[in-house]
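Comments concern the structure below.
The numbers here are math on the coordinates, done by the rules we state, and not lab data. Everything quoted here is computed from the prediction, not taken from an experiment. Heads up, the Cβs are rebuilt from the backbone with ideal geometry, glycines too, and the neighbour counts pull from every protein chain shown.
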Amino acid sequence: MEGVRKTVADTQYYEGLGRRKTATARVRLHPGGDGSIVVNNKPVDEYFSRDWDTKHVSDSLVATNNAGRFTMTVLVKGGGITGQAGAIRLGVARALLKVDPEYRSTLRQFGLLTRDPRAKERKKPGLKRARKAPQYTKR
């Protein structure tokens, strides 16, 4: 079965990859867990200081009524705090699809499977930033 991996201890997990801006998150859902969430070897409350980001991480689990069924371990790199939370959110949704493909309609309904394409726009030559031009003087 694709998406299901075996670890050294022979426990299976479901893996999903999520990206947002420049952040990349590798999410692993271990079935039969206690519902704990570990991000980069820290508890989620310790890693994310804002409640909104913590809630953002577990949106997919709450939407599919799986809040306490899995232990989640996450490895996230790059980006800022909010970008990392968004990447984890997408990774969890993709991992849940590997658990049960029936979740697709629910996750799609809440907009949890859509990759947010917005990223920082590059600076253009002759401009101060991506779009800000130097002040125009007529005389």
* In degrees between 0 and 90, to the nearest 10, how far off the longest principal axis of the chain does helix 81-99 point, with axes built from Cα atoms? -> 40
* Asked: In debye to the nearest 20, how big a dipole does the stretch 4-109 give about its Cα centre with +1 on each Lys and Arg Cβ and -1 on each Asp and Glu Cβ?
  -> 500
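Restricting to the chain, compute how many DSSP beta bridges are antiparallel as a %, nearest 5. Numbers along the way, then the final one.
Working: 20 of 23 bridges.
Bridges in the chain are about 85 percent antiparallel.
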* To do: Would you kindly derive the ³J(HN,Hα) couplings of the stretch 52-62 from the backbone phi angles with the Karplus curve 6.51 cos²θ - 1.76 cosθ + 1.60 (θ = phi - 60°), listing them in order in whole Hz, with x for Gly and Pro?
  => 4, 5, 4, 5, 4, 5, 9, 4, 5, 5, 5
* Karplus-derived 3J(HN,Hα), 6.51/-1.76/1.60, for each residue of the stretch 30-38, Hz, glycine and proline x -> 9, x, x, x, 9, x, 6, 10, 10
